[in-house]
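Novice: Sharing a structure with you now.
No value in this document is a laboratory result; all are computed from the given coordinates. This is a predicted model, so every value here is computed, not measured. Note that we place each Cβ from the backbone using ideal geometry, even for glycine, and neighbour counts take in every protein chain shown.
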Amino acid sequence: MTTIAELLVESLAEHGVTSVWGVVGDALNPVTDAIRREDRIEWIGVRHEEAGAFAAGAQASLSGRLGVCMGTVGPGAIHLLNGLYDAAKSRVPVLAICGQVPREEIGSDFFQEVDNDALFADVAVFSETVSTVEQAPGLIEQAVNAALAERGVAVLSIPGDVGGLEVPKGTPVPKFLEPASHTVPDPAELERVAAVLNAAENITLLVGTGAGEAIAEVQQLATTLAAPVVLTLKAKEGFEERLPQEVGQSGLLGNHATKVAFDGCDVLFLVGTDFPYREFLPAGKTVVQLDLRGEHIGRRIAVDHALVGHARPTLTQLLPLLQQKTGTGHLDKAREVYSAWRERQQQFTDPKFDRKPKGLLRRRVDNPDARIRPELLAAAIDRHAADNAVFTSDTGMSTVWLARYLRMRGDRRVVGSYNLGSMANAMPQALGLAALDRERQVIALCGDGGLSMLLGDLITAVSYELPVKLVVFNNERLGMVKLEMEQVGLPEYGTKLQNPNFAAVATAMGLVGIRVTKPDEVDSAVQRALASPGPVLLDVLTNADEVALPPQPTLTQGWGFAIAKSKEFLESREH
């Protein structure tokens, strides 16, 4: 005999799912029991369902395959929401299996009853409840196929009296489809775009993660057009060390070279990106946008020429139509600015910087307590991490330092909450990635606020022997919020955190805990953390006042910082 729960779990195993994340509970007991008896799938019980959803989404992001998480009736399902929103915003396929009250109690305001269809209406591309044996195989197929085809979240709710029902003998195991990857625009539109690019004097490329399948084609495109390439954060992997024309990121994470590249172009060509920060995009340019999703065209910047299709086949057809550019002045100028900026940034990675004449002067303004500069820590991680390491980062200042100091050389990958911008994502996402391959180095760049929000799931790393390396940028602040307040002239308020000794907490939980308080200790501590087997937490006390400005700060922003700092100084004097 085979139950609905067993049919579901077998179908997931056949598809290649290797782990399911969640918290066990009543309505889903038949499903967890089926997982117990399925050798191809590992059950990973987290301490908070949100962590499980983040982990499943991270697996889907890295592998391109289906991630799976579970939450039982009511509160368990509700706890999944934030991680599922992150998956939805990142456009990765995740199946959420949710419990529901017994069928006869649905609609009666039963204990813990929640309307799952209403709960997940905004986040899911598919949400249905299995009510009968007959509909179970079809709904399982529809749910997973919707997640895969639409690169989104599918929710399958199973009432407490349904999972254990037997399906008829001979019921086939549901099988799932893989979407095709060959959509290309109309040839006439490709010719029009080629004419625009051939006629332009200066072209800049803005390349996103949607072009990740077309690394060689983007390389050729940039070379043919002699174009500087601005990368989105998610496009760092794959492109950063392979494009001689790259000039880093724009936005708060970026540098002035990207503004030079934007301002100096006649044509801006967006390839596989939905970069959301309009204020950093140039005005008055001819804009070409290539994206698989037609609804993305023109929603960030007015577009003159749209190409809807997959990046690789589209560029493959476009490249033969393009003429080689001979002038490199636009590219050279942007690259010169970028190289000079990177060289200036390196001064902060010197552990002796604050003891040198230039550093002593700056330290009085932005590091009076002589704390470790986060740039120093990020550079050490970059220096010692493996060339195939996978990185995650918490939203906020941890991501700033990743963007500026970690180079995605070799086969390095990066995963984060870069569309939703959630707190507390780095550690659970690292857990998910480590479960995919326990031999691959996984490093999480954690903020102290983010880590402490889901601190209990440090235990998950120990319980399931997930060898994550968690590096805590411990500035005792909600750092990005502090920066945002100061940009508009407000003194920081509500951002200060009273933290424990995270290394001691980690040690008590069974991890290797390392605490660093002096700049000269950073390099050796990073080496030790990365070399230690099993899960490690490296707690580094970093400077809370490190200044991270946009590529070209406005007069208003600069004045805002000045006002905020004067208010903070006055308030500290008053107390």
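Novice: Considering every Cα-Cα pair within the chain, what fraction, in whole percent, is farther apart than 36 Å? Walk me through the intermediate numbers first.
Specialist: On the way: 66849 of 165025 pairs.
Counting pairs separated by more than 36 Å, the tail of P(r) holds 41 percent.
Novice: Follow-up question, since we're still on this one. Taking +1 at the Cβ of each Lys and Arg and -1 at the Cβ of each Asp and Glu, which of LEU62, ALA136, ALA147 sits farthest along the dipole of region 2-167 towards its positive end, judged by Cα position relative to the Cα centre?
Specialist: LEU62
Novice: Let me ask you something else. Mind listing which trypsin sites (Lys or Arg not before Pro) in region 142-182 are in a DSSP loop and have 14 or fewer other Cβ atoms within 10 Å?
Specialist: Values: sites: ARG151, LYS169, LYS175; in loops: ARG151, LYS169, LYS175.
Loop-located and lightly packed - LYS169, LYS175.
Novice: So, one more: In the structure shown, do any of LYS356/LYS518; LYS352/LYS496; LYS89/LYS234; LYS259/LYS285; LYS175/LYS234 have a Cα-Cα gap over 20 Å, and if so which?
Specialist: Where the Cα-Cα span goes over 20 Å, the pairs concerned are LYS352/LYS496; LYS175/LYS234.
Novice: If you don't mind, another one. Note down the magnitude of the dipole of region 187-340 about its Cα centre, charges +1 on Lys and Arg C-beta and -1 on Asp and Glu C-beta and zero elsewhere, to the nearest 20 debye. If you can, show how the numbers build up before the last one.
Specialist: Values: 14 positive and 18 negative charges, 31 e Å.
Taking the Cα centre of region 187-340 as origin, the dipole is about 140 debye.
Novice: In what order do MET1, MET408 fall by count of nearby beta-carbon atoms within 10 Å, going from fewest to most?
Specialist: On the way: MET1 7, MET408 22.
Starting with the residue having the fewest Cβ neighbours, the order is MET1, MET408.
Novice: Which Cα, out of THR395, PRO368, PHE348, lies furthest along the positive dipole direction of region 313-410 (beta carbon charges, K/R +1, D/E -1)?
Specialist: Of THR395, PRO368, PHE348, it is PRO368.
Novice: Okay, next question. Give, rounded to the nearest 20 debye, the magnitude of the charge dipole that the chain has about its Cα centre when Lys and Arg contribute +1 at Cβ and Asp and Glu contribute -1 at Cβ.
Specialist: Values: 54 positive and 72 negative charges, 522 e Å.
The calculation lands at about 2500 debye.
Novice: For an R0 of 51 angstrom, estimate the FRET efficiency from the Cβ-Cβ distance between SER532 and PHE110 and round to the nearest 0.05. Mind dumping the intermediate values first?
Specialist: Details: r = 49 Å, r/R0 = 0.95.
Here the calculated transfer efficiency is 0.55.
Novice: Near ARG515, within a Cβ-to-Cβ distance under 10 Å, what is the net charge of the other residues, with Lys and Arg +1 and Asp and Glu -1? Write out the running numbers ahead of the final one.
Specialist: Details: positive: none; negative: GLU521, ASP539.
Net charge around ARG515: -2.
Novice: DSSP loop (so not H, G, I, E, B), at most 16 other Cβ within 10 Å: list which trypsin sites (Lys or Arg not before Pro) in region 380-421 pass both filters. Before the final figure, lay out each step's value.
Specialist: Values: sites: ARG383, ARG404, ARG407, ARG409, ARG412, ARG413; in loops: ARG407, ARG409, ARG412.
Sites meeting the loop and neighbour criteria: ARG407, ARG409.
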